[in-house]
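Accompanying notes for the structure given below.
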Amino acid sequence: MLVLFETAAGYAIFKVLDESKLQQVDSLYKEFETPEKANKVVKLKHFEKFNDTTEALAAATALVEGKIGKSLKKVLKKVVAKEAHEELAVSDAKLGGVIKDKMELSCVHSSAVAELMRCIRSQMESLISGLPPKEMSAMSLGLAHRLVVVQDGFTASVASLLDDLDKELNNYIMRCREWYGWHFPELGKVVVDNLAYCKTVLKIGDRTNVATTDLSEILPEEVEAEVKLAAEISMGTEVSEQDIANIRHLCDQVIEISDYRAQLYDYLKNRMMAIAPNLTVMVGELVGARLISHAGSLLNLAKHPASTVQILGAEKALFRALKTRKDTPKYGLIYHASLVGQTTAKNKGKISRMLAAKASLAIRYDALGEDTNAEMGAENRAKLEARLRQLEDRGIRRVSGSGKAVARADKYQHKRLEEEESSLQRSSISAYLCHR
């Protein structure tokens, strides 16, 4: 059996000397406790070194996507194809299926193979000769850095694409409503949702078809009845079949773009939860991606203090305020976070400052921490929501009147009664003296 082993420095092909050892999966690690024992189980047959980090990045990207890169194809043709009768152990079952289809090589992937890969990795420096440990660590660090930059670049591109799609969708929907409004203006007032509006227009076409068209799959029953009633008394003008065909084509475009946007948003959500789960929980997928895009990478964003994270994206307003000696902005991209959006205008500055402080901790935890869970982000978000409720309740109490104000009113009224009583007493005494 041959073993395909991937490293940051290149591809290694090992020959399994004693396949009976693989049957004892639970105790296989004992055979790799020392370099001498490891060399009795597997032996290096060939090592194909990468020329630079660019080649290593291309190979790693191909492996992640389950494809055969140029370097891997070269190794398989040079070494493995000569011993086609041997089975090839691979770490990924998907990659093994691709190799089997394209190279016609028998591949195997099992729990024993996965354990063997872990054991080889533990003794990698001694098994792969001619590769200094410093060079291996440098290649690993360089490849990891390039992968992080590429992943952050993907995230930034997806966020920018979502913004562009939103702009295009708004333009398309506005034109669709305006165009079809000449024919059936009442429909725009009855159907408020843009996607439902386009689906309705696509299905009915000419408004004379509304009475015979079933819209129950698109609209609720009461809205459907309102649409049919409005079509009977519509004040819209007549249009040609060519106009209806073009309007339907535009509605098709809106629906396709909306479906693609939903798919792209799910892709961004999954990617953000993999790259920065705590930041995603704190500010949301889209705002987190915009922050990473603005900073250049997650690592660069982790270097910023909380005060910079708070106004990131409002640089022009900041420098304009400093130049004119006016108030500096209180928020930038973080303004679009749900926590800032749901608070009142008076408390937006406080919440954005607190959110930026917690978000900066989440960013550093995601960029430099070893855990990939979002517990810290969820805990800090719960604290911020509690603080937000406290600020809102304080504002309500202040508007409706507090206990101190009521106490002051009672004190004033009591004092006024005392003064009236004392004045009555003085007037009665003076009257008594005059009478005497």
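Results for (1) part of a helix (DSSP H, G or I); (2) crowded, with 19+ Cβ neighbours inside 10 Å; (3) at pLDDT 90 or above; (4) not assigned by the TED database to the domain that holds His294, shown as yes or no for each residue.
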position: Leu141; (1), (2), (3), (4): yes, no, no, yes
position: Leu161; (1), (2), (3), (4): yes, no, no, yes
position: Lys167; (1), (2), (3), (4): yes, no, yes, yes
position: Asn170; (1), (2), (3), (4): yes, no, yes, yes
position: Ile173; (1), (2), (3), (4): yes, yes, yes, yes
position: Arg177; (1), (2), (3), (4): yes, no, yes, yes
position: Tyr197; (1), (2), (3), (4): yes, yes, yes, yes
position: Asp214; (1), (2), (3), (4): no, no, no, yes
Would you point out which residue out of Lys49, Lys74, Lys45 is modelled with pLDDT of 75 or more, over 19 Å from Leu95 (Cα atoms) and surrounded by fewer than 17 Cβ atoms within 10 Å (Cβ to Cβ)? Lys45
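Does Lys415 meet the test of being over 24 Å from Asn300 (Cα atoms), assigned by the TED database to the domain that holds Gly284 and at pLDDT 55 or above? So that I can check it myself, show each step before the final result.
Details: over 24 Å from Asn300 (Cα atoms): yes; assigned by the TED database to the domain that holds Gly284: no; at pLDDT 55 or above: yes.
Considered against the rule, which asks whether it is over 24 Å from Asn300 (Cα atoms), assigned by the TED database to the domain that holds Gly284 and at pLDDT 55 or above, Lys415 comes out as no.
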Have a look at Glu31, Glu48 and point out the one that is in a helix (DSSP H, G or I) and among the charged types (D, E, K, R). Glu31
Restricting the search to region 359-388, which residues are charged (D, E, K, R) and surrounded by 11 or more Cβ atoms within 10 Å (Cβ to Cβ)? Arg364, Asp366, Asp371, Glu375, Glu379, Arg381, Lys383, Glu385, Arg387
Quick check: anything in region 237-258 within 30 Å of Leu162 (Cα to Cα) and among the hydroxyl-bearing types (Ser, Thr, Tyr)? yes
Among (1) within 19 Å of Leu391 (Cβ to Cβ); (2) open to solvent by 10 Å² or more (accessible area, probe 1.4 Å) - the single one Ala356 does not satisfy: (2)
Filter region 17-41 for residues that are among the aliphatic types (A, V, I, L, M) and in contact with an Asp or Glu (Cβ under 9 Å, 6 or more places away or on another chain); the one that is most open to solvent (accessible area, probe 1.4 Å) is Val25
Of the residues in region 216-247, those that are over 19 Å from Glu178 (Cα atoms) and assigned to a helix (DSSP H, G or I) come to Glu221, Glu222, Val223, Glu224, Ala225, Glu226, Lys228, Leu229, Glu232
Return the residues of region 264-299 that are open to solvent by 40 Å² or more (accessible area, probe 1.4 Å), within 21 Å of Glu379 (Cα to Cα) and without any contact (Cβ under 8 Å) to a residue 60 or more places away in the chain; say none if nothing qualifies. Lys269, Asn270
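Could you name every one of the helices (runs of 4 or more DSSP H) located completely within region 272-329 that has at least 2 residues being closer than 16 Å to Leu361 by Cα? If you could, list the steps in order and put the result at the bottom.
Details: elements: 277-283, 285-295, 298-302, 306-311, 315-324.
Counting at least 2 such residues, we get 277-283, 285-295, 298-302, 306-311.
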Can you pull out the residues in region 321-338 that are over 16 Å from Ser293 (Cβ atoms) and either in contact with a strand residue (DSSP E or B) (Cβ under 9 Å, 6 or more places away or on another chain) or buried (at least 20 other Cβ atoms within 10 Å of the Cβ) (or both)? Tyr331
Residue within region 278-292 that is more than 11 Å from the chain's Cα centre (by Cα), closer than 13 Å to Leu333 by Cβ and at pLDDT below 90 present: no
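Which ones in region 232-251 are among the β-branched types (Val, Ile, Thr) and exposed (fewer than 15 other Cβ atoms within 10 Å of the Cβ)?
In the first step, residues of region 232-251 are kept if they are among the β-branched types (Val, Ile, Thr); the result is 233, 237, 239, 244, 247.
Matches in region 232-251: Ile233, Thr237.
The values are calculated or read from the model by the stated rules, or taken from the named source; none is laboratory data. Everything numeric here is computed off the predicted structure, so don't read it as measured data. Virtual Cβ from ideal backbone geometry, glycine too; neighbours counted across all protein chains shown. Note: accessible area is taken over every heavy atom of the protein model, side chains too, but ligands, DNA and RNA are not part of it. Shrake-Rupley method; radii C 1.70, N 1.55, O 1.52, S 1.80 Å.
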